[in-house]
1. Has segment 210-221 got any residue that is free of Cβ contacts under 8 Å to residues at least 12 places away in the same chain and not in a loop (DSSP other than H, G, I, E, B)?
2. Of the numbered conditions (1) closer than 21 Å to Asp472 by Cα; (2) of a type outside the set (Lys, Arg); (3) not in a strand (DSSP E or B), Ser393 fails exactly one; give the number of that condition.
3. Quick check on this structure: which one of Ile35, Ile67, Ile21, Ile61 is surrounded by 20 or more Cβ atoms within 10 Å (Cβ to Cβ) and either in contact (Cβ under 8 Å) with a residue 60 or more places away in the chain or part of a strand (DSSP E or B) (or both)?
4. Please work out which one of (1) surrounded by fewer than 14 Cβ atoms within 10 Å (Cβ to Cβ); (2) touching a residue at least 40 places away in the same chain (Cβ under 8 Å) is the condition Arg619 fails and give its number.
5. If the Cβ limit is 9 Å and pairs must be 6+ apart or interchain, which residue in segment 99-118 that is at positive phi pairs with which residue that is part of a strand (DSSP E or B)?
6. Within segment 418-441, identify whether any single residue is modelled with pLDDT under 85 and under 35 Å from the mean Cα position of the chain (by Cα), and answer yes or no.
7. Checking Arg259 against (1) touching a strand residue (DSSP E or B) at 6+ places or on another chain (Cβ under 6 Å); (2) closer than 30 Å to Thr114 by Cα; (3) of a type in the set (Lys, Arg), which test does it fail?
Amino acid sequence: MKVSLNWLKELIEVGDDINKITHLLSGIGLEVEEILQIQNDTILDLEISPQRPDLLGMWGIAREMAIFLNKSFTHPDFKTYNNISKDVNIKINEPTLCSRYSCGVLIDIKGGETPEWIKERLVAMGTIPQDNIVDVSNYVMYEMGQPVHIFDLDKITGNIIVRMSKKGDWIMTLDGSNIELPEDVLLICDGETPIAIAGIMGGSNSMVTTKTKNVLVESAFFNPVIIRKGGKKLQISTEASYRFERGGDIDITDVALNRTMSILEDYYGAKSKGIIDDYPHKFESRKLDISSKSVNRVLGSSLSENEIITCIKKLGFNIENNNVIIPSYRRDISLEIDLIEEIARLIGYDNFTPEMPPAFEIDAEMTFINNIKNVMVMLGFNEVYTMPFVKDSNVVIANYMRDDMRSLRTNITDGLLSVLVHNNSYGAKNIRIFEVGKVFNLNNEYIEHTELSAIISGVRTRNPLWSSGDIDFFDLKGILEAMFGITNIKGWEISYTYTENYEPGCIIKLGNEIIGFMGKLKQGKIKKLDIDYPIYGFEIDISKLKPTPQTTYKSIPRFPGVERDISIIVDNNVTTASILEFVKKNSPNILEELSIFDHYKGEKIPSDKVSIGLRLYFRGTDRTLKKNEVDSFVSSITDNLYKKYNAILRFN
């Protein structure tokens, strides 16, 4: 938007200091892109944001500057026409696309050159004067931001119809282009004959010339969307369409009409025969509530209610019954936060005292979930996201959009398998992926919970320097142990049992509560996916996990440790997890580490027994341990195992 400094100074007192003017404009959000000097005038090229069509005219710019300069904005006087014209009939077929159509009839226009002051301002705006009536319509558009079109009244019948284009419509535009109109373009027609493409360009069959004596002046409000679509379909862009596409002020159409008719009367000797203002559905001003509490919370200020009201009135908004009335030209103000932003802009962002933002509490559940994700990535997994919508489950969506997405998933594993199949088709078989997301089950009511699901496949390692082999159940178990250990989950265990998806299947328990399942996916399940290698996985309801208080850090030990290995023979039904838990509970504090190094069934071991190798690592915090006291600790542990599990030592 080009702004003439000479023109601006006639509307508001801004002074001659161009630096102060540009600084003010930039401060209120109107960036100055370029400054030009044309003869004795300074032209400022401003960047206008799309949501402010009210600033696409000189009056809008002056009105905005007046607010921030605390000065009054004055515009030229012009006549107001109230008598109804009988020379024109208006019919709006599309009231949602043309909400208002104002027009006036003028006769006996005297020919002659355009007044010099209008020429100067058109040149300042970058438009070449045509010494024609059209100069007046261009001038009013730049002045008020409202496009105006003038028809030669003697070339039309006066039966104006606003309608959508239909097949077979043609028009020759003012630039001489003969266009076959596509459907869904808004037209201004004389009866059925198109005489203008609404809001974009007029037709040559109704254009004014230097010989024109009688005119019909049009000032309308068109739906911005239909103008934008029409311009793109026809690949036509004009100064008028640029403004109509951004919306505008529906309450200014009659004002622009009166201004145009006044100039034509005063400078072209025209005589008015009245106006018609077809306004099917009158615009209702938007009303918004605003509270001092909201203003001060958002801005970090301490403004009183009176100070806020003063700001609102200064911005040009009225207040009725504690509601802020938004004027029709401020189409960008639709929410309370928009009003608050305007108050901040008026006061000046630099005038608010900087404050630290208030502290906020981090959601403990999300923190725990993020910790689990980080641990899984640390263990070599890649996180994936799959759709929660599936074709068939017992949780059907009432308003589903697609047949293959009409239900909510009851597990994440199926989604992970689809990712694995996709990667397998590209030759990638060594997969470690996981997902954390919501799953849903219908048990007399809709229940959802957050689940961690993971699958692994392929070889243990592809590095030839390390011993490899296919991934097995114990790799999966080790991953689970590491994940629970790092996230500080205590008191969990696994038990072999029948499960729906895994063989061998295990349930994962935390205390007495089942929190998930794990194992090798059943052959029948993966065979349907055309997979010929084993896949292992687990699924855990992480909403049931209860991490213990965070582990505290200890200093690096000063004294050496002592390692002891023992092998015990116990019944088959005794789990290694229970043995580890028992030993930890019944050992002295100097037992630093405990692990399983062997699990053997076979020769020299009864068929109903299993041999388990325990590795114990002792370390004193205040002294070097002696051999006899370590032996005493080991002896005590083996005695307790015998009493609890009837465990006997194995020596070979």
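1. Residues of segment 210-221 free of Cβ contacts under 8 Å to residues at least 12 places away in the same chain: none.
Scanning segment 210-221 turns up no residue that is free of Cβ contacts under 8 Å to residues at least 12 places away in the same chain and not in a loop (DSSP other than H, G, I, E, B).
2. (1)
3. Details: Ile35 fails: surrounded by 20 or more Cβ atoms within 10 Å (Cβ to Cβ); Ile67 fails: surrounded by 20 or more Cβ atoms within 10 Å (Cβ to Cβ); Ile21 fails: either in contact (Cβ under 8 Å) with a residue 60 or more places away in the chain or part of a strand (DSSP E or B) (or both).
That would be Ile61, the only listed residue that is surrounded by 20 or more Cβ atoms within 10 Å (Cβ to Cβ) and either in contact (Cβ under 8 Å) with a residue 60 or more places away in the chain or part of a strand (DSSP E or B) (or both).
4. (1)
5. These pairs meet every condition: Asp108/Lys271.
6. Within segment 418-441 (the criterion being modelled with pLDDT under 85 and under 35 Å from the mean Cα position of the chain (by Cα)), the answer is yes, since at least one residue qualifies.
7. Tallying (1) touching a strand residue (DSSP E or B) at 6+ places or on another chain (Cβ under 6 Å); (2) closer than 30 Å to Thr114 by Cα; (3) of a type in the set (Lys, Arg), Arg259 fails exactly one: (1).
Yes/no matrix, rows are residues, columns are (1) modelled with pLDDT of 85 or more; (2) within 48 Å of the chain's Cα centre (by Cα):
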site	(1), (2)
Gly516	yes, yes
Phe538	yes, yes
Ile556	no, no
Ile579	yes, no
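The values are calculated or read from the model by the stated rules, or taken from the named source; none is laboratory data. Only a predicted model underlies this, so the values are computations on that prediction, with no experimental measurement involved. With ideal geometry, Cβ positions are generated from the backbone for all residues, glycine too; neighbour counts draw on all protein chains shown.
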